[in-house]
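Since the structure comes first, as structure tokens, the remarks are kept for the end.
The values are calculated or read from the model by the stated rules, or taken from the named source; none is laboratory data. Computed from a predicted structure; not experimentally measured. Positions of Cβ are backbone-derived with ideal geometry, glycine not excepted, and every protein chain shown enters the neighbour counts. Ligands, DNA and RNA are excluded from the accessible area calculation, which covers all protein heavy atoms including side chains. Shrake-Rupley method; radii C 1.70, N 1.55, O 1.52, S 1.80 Å.
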2 protein chains.
Amino acid sequence: MSRNNISIAIHGGAGTILRNEMTPELQQQYEQGLHNALDKGYSILSVGGSSLDAVEAAVASLEDFPLFNAGRGAVFNNKGGHEMDAAIMYGKTLEAGGVCGVSNIRNPVRLARAVMEQSGHVLLSGAGAEEFARSQHLQFEDDAYFYSQQRYQQWQDALKADVVQLDHTVKKFGTVGAVALDYEGNLSAATSTGGLTNKKFGRIGDSPIPGAGTYANNNTCAISCTGVGELFIRSVVAYDISCLIEYKGLSLKDACDLVVNDKLVKIGGEGGLIAIDKDGNIEMPFNSEGMYRACHNNLGRNEILIYR
Amino acid sequence: MSRNNISIAIHGGAGTILRNEMTPELQQQYEQGLHNALDKGYSILSVGGSSLDAVEAAVASLEDFPLFNAGRGAVFNNKGGHEMDAAIMYGKTLEAGGVCGVSNIRNPVRLARAVMEQSGHVLLSGAGAEEFARSQHLQFEDDAYFYSQQRYQQWQDALKADVVQLDHTVKKFGTVGAVALDYEGNLSAATSTGGLTNKKFGRIGDSPIPGAGTYANNNTCAISCTGVGELFIRSVVAYDISCLIEYKGLSLKDACDLVVNDKLVKIGGEGGLIAIDKDGNIEMPFNSEGMYRACHNNLGRNEILIYR
């Protein structure tokens, strides 16, 4: 049996993460959240588990961690609720599943996987997606589970200012994601987000859309994005990197550099992404001040990083 | 001032369109619907209007025509309502707007354009998108406007059989779309659909998603798709054609052939698309039995077609 390298990378969002607003205690909490998620995913890969299970477990762990804007830590929308988006994609089959604007689902990434495997569809939205979640016995939580004083204050501040805000009062794109390569050579990607504080009108970002915020293809790479969702959709960011590899012969590094540090910068598309190619190479580029990120492979790379 | 060629192409959906189920009277009605929409769009281009105005006008005309599955002719969903999706994209700026799961909007394509130009977002969904539509004074219609005995019977048949059906009892992907190139060299694309008869769970197809069912880029082409939405999303069909032109140097014809008649066929992705490149070349490929389609340019091409 041919054994590939195993690799996993995760992110907890990009943006303006200022050192002078970060206490040592808070930084340690973020690093612990990243460490726990990375460990959940890598431990699956290391015993021969699938990349699909690994990215689902890693993202579910990030969703359960209250400081990241996804799952439990999702920001408040304009109505005082939580509307979450998530997607998952399997590079072996190009199967994908996504959900948009769902509420009270503990782990939207698990719902995205159920959509992929059980619904016959790719994208489900709103109350209909929740009805599907009940039919699949997904875990629901009441509003209190998603409440935190910090998120509530961010929403109140945004309401007063009458603006739609990114994750924090400092500009931070609250999204979590994971990409992985398993021993079988199969790539997977998953992304989950609570969207924008005070968001209105049922806005959907890039996270749940295969090709935009999430993409996996065994021939090329697996990608999970975080950034200004509107510009990531218009640029079809994740699939663009895949095409630059497949059609133009670029390396993962060169494709990531071109898209994140050139094409996106030119249109104001602040953010970043995590990427793994079919050989297990890991890239974690971003054009913002920082990005919560971590990676682990079986060639000795094991990192947890926040700043440049 | 340099004058480009002007071109427009439209579609009213692909699928199993059987000659022996088509009467001469019905065929004439379909052709009249296509003719009216084509004429609306081309007359804008011919007096120097923008491709964005042309595709919006053509798609709005198709939405107003009761036989196509979009706008007035939208099929019934599982709850007996009508949930429509639409998108528009402008190749000059790569700006895009889309709406998912909206009800009672007379012309979803006009709402998609308002999203693009007035919302600060790209994709809005459900009740939130309708709230935005009211703020923009879009035209609403009551349920009776969207009622037809034929669509109601299709829904009842689907309910009895407990299946999610494509447009008709014969397999037909009810979607409408338009692509155009104007004298200024700007490309635009728009797509609109009523989705699947008896659809559940807030399902979203490829139509409203920039890169999947709808895409426009002045450097490459404008595309509007119709087919099995799930497979078109997973294949990122519209942007794939753009990338094959930009990164691999393929002609519009070769890129369309590869995607529609090879890549999509291999995964069971039945359907088709309309495409115009920056030089005004028109392609209207499909891998199904037929596709309602028409095109007109200033080099003498003027066609209305249904079968192969």
Look at B:Thr226 and say whether it is within 14 Å of chain A (Cβ to nearest Cβ), open to solvent by less than 10 Å² (accessible area, probe 1.4 Å) and not aliphatic (A, V, I, L, M).
no
Test each condition in (1) within 17 Å of the chain's Cα centre (by Cα); (2) surrounded by 24 or more Cβ atoms within 10 Å (Cβ to Cβ); (3) more than 10 Å from every other protein chain (Cβ to nearest Cβ); (4) not in a helix (DSSP H, G or I) for B:Pro66 and report the one that comes out false.
(2)
For segment A:263-280, give me each residue that is in a loop (DSSP other than H, G, I, E, B), surrounded by fewer than 19 Cβ atoms within 10 Å (Cβ to Cβ) and at negative phi.
A:Ile267, A:Asp279
Residues in segment B:78-96 that are part of a strand (DSSP E or B) and over 14 Å from the mean Cα position of the chain (by Cα): how many?
3
Show me the helices (runs of 4 or more DSSP H) entirely contained within segment A:99-187 in which 3 or more residues are within 11 Å of another protein chain (Cβ to nearest Cβ).
A:126-135
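Looking only at segment A:50-59, decide whether some residue is more than 17 Å from A:Ile274 (Cα to Cα) and more than 14 Å from chain B (Cβ to nearest Cβ).
Yes.
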Quick one: is B:Val109 closer than 25 Å to B:Asp277 by Cα and either over 15 Å from the mean Cα position of the chain (by Cα) or open to solvent by 30 Å² or more (accessible area, probe 1.4 Å) (or both)?
no
Pick from B:Tyr247, B:Tyr239: which is at the interface with another protein chain (Cβ under 8 Å from one of its Cβ atoms), open to solvent by 10 Å² or more (accessible area, probe 1.4 Å) and either in contact (Cβ under 8 Å) with a residue 24 or more places away in the chain or over 22 Å from B:Asn78 (Cα atoms) (or both)?
B:Tyr247
Look through segment B:116-131, keep the residues that are free of Cβ contacts under 8 Å to residues at least 24 places away in the same chain and out of contact with any helix residue (DSSP H, G or I) (no Cβ under 7 Å at 6 or more places or on another chain), and return whichever of them is nearest to A:Asp206 (Cα to Cα).
B:Gly120
When you look at B:Ala37, is it modelled with pLDDT under 95 and either closer than 18 Å to B:Ser148 by Cα or under 15 Å from the mean Cα position of the chain (by Cα) (or both), yes or no?
no
